Amino acid sequence: MNVERSSVDLYWLPLGAGGNSVRLNGRVFESVAARLERRPPSDLYHSALVVRVPDARFVIEQAPISDGNGVERGVVAEGAVGSRWAGRFRIFRYELRRWRDGVIPDVSEAVESPRRLTDDPGTSRRLLDMVPFVPTPVWGRDEQGAGEMWNSNSFISWLIASSGLDAESIHVPAGGRAPGWRAGLVVARRAVNDEGPAGAGPSFQAMLRVTASLRARPSS
């Protein structure tokens with residue numbers, strides 16, 4: 001196995017990079033949140049991963065569904081945005097991508113990126129294998145009681161933690177914030193009592209149980 005070609009890199013992208021509407025809405029959200037929490041506003045970030053294994057390169061990311069050609073983008077799962085009822089319409093759904101030879105839109109605007117998380121072939125492959133098992137609760141809601149809404153950052157932090165990497169040591173670029181990051185860690189940690197070998201991360205059985213329980217939540 002070619003160890004040099006195995007890696008996991010994390011990218012921090014300013015929320016709404018390349019899209020004025022999303023960026024403006026993000027600033028409004030952060031301005032309100034900062035006022036309620038009595039703190040200065042922060043820059044908001046969205047995260048994505050690039051995973052390399054000896055035979056391929058993949059982009060791992062959660063994003064809005066742009067069209068019906070999800071297979072071309074390596075889509076492995078979908079979820080609702082705002083409410084499960086609204087999720088019946090494509091405009092209110094998100095997709096989870098494991099995109100072979102894919103691209104990260106506006107990667108040129110990434111900050112303090114890429115950050116190399118590992119060069120280990122086994123960990124890189126394990127993270128790739130776990131993408132289809134990520135929970136898909138409603139985006140923007142805290143259905144799982146993690147104390148924070150679930151979003152694209154939750155997806156990435158869940159994967160990092162569940163694959164055995166030290167997600168707790170990862171920090172957002174200076175002056176920034178990644179809403180939803182903590183939610184992914186909380187949900188991943190719930191399987192910690194059913195771990196496999198040291199360093200291997202929670203077992204697939206535990207991940208499947210957590211995922212199944214979240215997907216079985218009543219519609220709203």
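The values are calculated or read from the model by the stated rules, or taken from the named source; none is laboratory data. Being a predicted model, the structure only gives us computed values, none of them experimental. Reconstructed Cβ throughout: ideal geometry from the backbone, glycine too, with neighbour counts over all protein chains shown.
Kindly indicate which of Glu109, Glu148, Glu72 is of a type in the set (Asp, Glu) and either closer than 14 Å to Asp9 by Cβ or within 16 Å of the chain's Cα centre (by Cα) (or both).
Glu148
Filter region 47-77 down to the residues that are surrounded by 13 or more Cβ atoms within 10 Å (Cβ to Cβ), in contact (Cβ under 8 Å) with a residue 40 or more places away in the chain and of a type in the set (A, V, I, L, M, F, W, C) and list them by number.
Ala48, Leu49, Val50, Val51, Val53, Phe58, Val59, Ile60, Ala63, Val76, Ala77
Going by what's in this entry, would Val138 be described as over 13 Å from the mean Cα position of the chain (by Cα) and under 28 Å from Glu72 (Cβ atoms)?
The answer is yes for Val138.
Can you name the residue in region 86-131 that is of a type in the set (S, T, N, Q) and either without any contact (Cβ under 8 Å) to a residue 24 or more places away in the chain or part of a strand (DSSP E or B) (or both) and, of all such residues, is surrounded by the fewest Cβ atoms within 10 Å (Cβ to Cβ)?
The residue in question is Ser108.
Which is in contact with a helix residue (DSSP H, G or I) (Cβ under 6 Å, 6 or more places away or on another chain) and at pLDDT below 90, of Pro202, Pro135?
Pro202
Mind counting the residues in region 132-164 that are free of Cβ contacts under 8 Å to residues at least 40 places away in the same chain and among the hydrophobic types (A, V, I, L, M, F, W, C)?
3
Going through region 42-64 one residue at a time, which ones are more than 12 Å from the chain's Cα centre (by Cα) and among the polar types (S, T, N, Q)?
The answer is Ser42, and nothing else.
Could you check region 47-106 and list, in sequence order, the residues that are of a type in the set (Phe, Trp, Tyr) and over 14 Å from Val138 (Cβ atoms)?
Listed by number, the residues that qualify are Phe58, Trp99.
Taking region 156-179, which residues are outside any loop (DSSP other than H, G, I, E, B), more than 15 Å from Val8 (Cα to Cα) and touching a helix residue (DSSP H, G or I) at 6+ places or on another chain (Cβ under 8 Å)?
Hits for region 156-179 are Glu168, Arg177.
If you take the residues of region 123-135 that are of a type in the set (A, V, I, L, M) and more than 21 Å from Gly82 (Cα to Cα), which of them is nearest to the chain's Cα centre (by Cα)?
This residue is Val131.
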